[in-house]
Amino acid sequence: MNNQSAPLHVRWLGRVAYREALALQAAIFKHGVDQHLLLLEHSHVFTYGPTSNLSTNLLCNPADVNAELVEVQRGGDITYHGPGQLVGYPLLSLQPKHGSSGPADTRAYIQDLEQLIIDALSQLGVSNAGRQAEFPGVWLDPDTPKARKICAIGVKVGSGSTERRTMHGFALNVNPDLAYMREHIVPCGIGQWPVTSLAEEGVDVSMEHVVDVIARLATNRWGSECSTRSDVVFKHSPDDLSAFSRGEGAGEPVRLIKRLDDAGVQGGLSISVRKPEWMQTKIVQSAEVAAVKQTVRDLQLTTVCVEAGCPNLSECWKDGTATFMVLGERCTRACGFCLVDTQKPLAPDSDEPRRLAQAVRQMGLDYAVLTMVARDDLDDGGMQHVVQCVRSIRAANELAQVETLISDVKGSDALDVLIAERPDVLNHNIETVARLQRAVRPSAGYARSLAVLARS
């Protein structure tokens, strides 16, 4: 079915907005060659494919029930995703149906997905799961008057440059609000049969346990002994978020120690312990360092080198380079590793793009790097200001290349403004591994950061 000599990379991504997961999927589908299984939950969303009958099967105004409506390129009719439902996106390279080339056996792949869920349900104590004649997905008491659907399946198998690559996948009802599938849509266009969930069937099981079972069985089915798994933390509280992410202003402390404990990070070094040599700031006083310092000071610019306390400041500045930080020196996030100020930020400085271009010209830079503080207080996250900075630098030196190292802009469409400007490099930092994301970046997200990179 798939390339079983290759490792399967399983990732539990937590709660992810549907459009962000779709962007990530699409990038892996188009450009990836490795085998992946993305496991996650979504916020309330209805999705539909090209053949969906919305006039019959969409029974509500999605906005009235706090849900999105998103069109996707997959088979099947309208479906629902939301909290309490485990969504799995296998991104696999299937084997040809006949010989060494040609299309994959899509039907066999769907049956493979169904069997994965049937086997998982069996291990969770549900022994009456199976296939319902003429309907894809996994059902309880199939082909009987009591049949009910517990898992929807809808996939896409690529052709052309993405031949035999898969995307989309399955949605297993663990403990969702079933009203979304009973009152607001006709799920998968199947009105004659009801839906159910593990919780409704009397199976009291955590999402984490279901993920563990699915991950293990999927690795056995599609992976190799070199397969990997990485998770963001399952347990977290809104209190862990920075104040801006809760809509309460800026600069309030967050519970770093508690978040580290949830991520399994214990012990560590006391703040009084001497840093290793490679982490110690090495101050070099030279004419080159002084010149950069003077330029930055005279033009009233901000650098991440200073604001973040970078230990490599002198090393870069002696070469006449620095990383500019636009939109001020105050950030609306409160990442646990960062020294940047988190007081309430000031309004963007409309003259900053001009001064920035002047600095690039004075320093003779042919490659300028602009980073930024997160500005969740601005409707566009500061993207239009970054665009103005890029334009000013290019106007001052049309040969200069510009790299923008940006925030995640809360995953919004404001990112498109900067993408359209086409900086030479559009970059974004994930900062740390999946397990530690919640601990050190409570107002950001691992999947969101991957989606930003995918969109760029």
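Values as computed for the structure displayed
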item: So Gln401, is it out of contact with any Asp or Glu (no Cβ under 7 Å at 6 or more places or on another chain) and surrounded by fewer than 20 Cβ atoms within 10 Å (Cβ to Cβ); result: no
item: Count - residues of region 141-151 that are over 13 Å from Pro194 (Cβ atoms) and either surrounded by 22 or more Cβ atoms within 10 Å (Cβ to Cβ) or small (Gly, Ala, Ser) (or both); result: 1
item: Set Val195, Val233, Val211: member being touching a strand residue (DSSP E or B) at 6+ places or on another chain (Cβ under 8 Å), surrounded by 17 or more Cβ atoms within 10 Å (Cβ to Cβ) and modelled with pLDDT under 95; result: Val233
item: Number of the exception - Gln437 against (1) closer than 14 Å to Cys335 by Cα; (2) crowded, with 23+ Cβ neighbours inside 10 Å; (3) touching a strand residue (DSSP E or B) at 6+ places or on another chain (Cβ under 8 Å); result: (3)
item: Scope region 267-281; condition part of a loop (DSSP other than H, G, I, E, B) and touching a residue at least 12 places away in the same chain (Cβ under 8 Å); matching residues; result: Gln280, Thr281
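Results for (1) surrounded by fewer than 19 Cβ atoms within 10 Å (Cβ to Cβ); (2) under 16 Å from His42 (Cβ atoms), shown as yes or no for each residue.
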position	(1), (2)
Ala120	no, no
Gly125	yes, no
Ala129	no, no
Pro136	no, no
Trp139	no, no
Arg165	no, no
His168	no, yes
Gly189	yes, no
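The values are calculated or read from the model by the stated rules, or taken from the named source; none is laboratory data. Since the model is a prediction, treat every value here as computed from it, not as a measurement. Cβ: placed from backbone, ideal geometry, glycine included. Neighbour counts: every protein chain shown.
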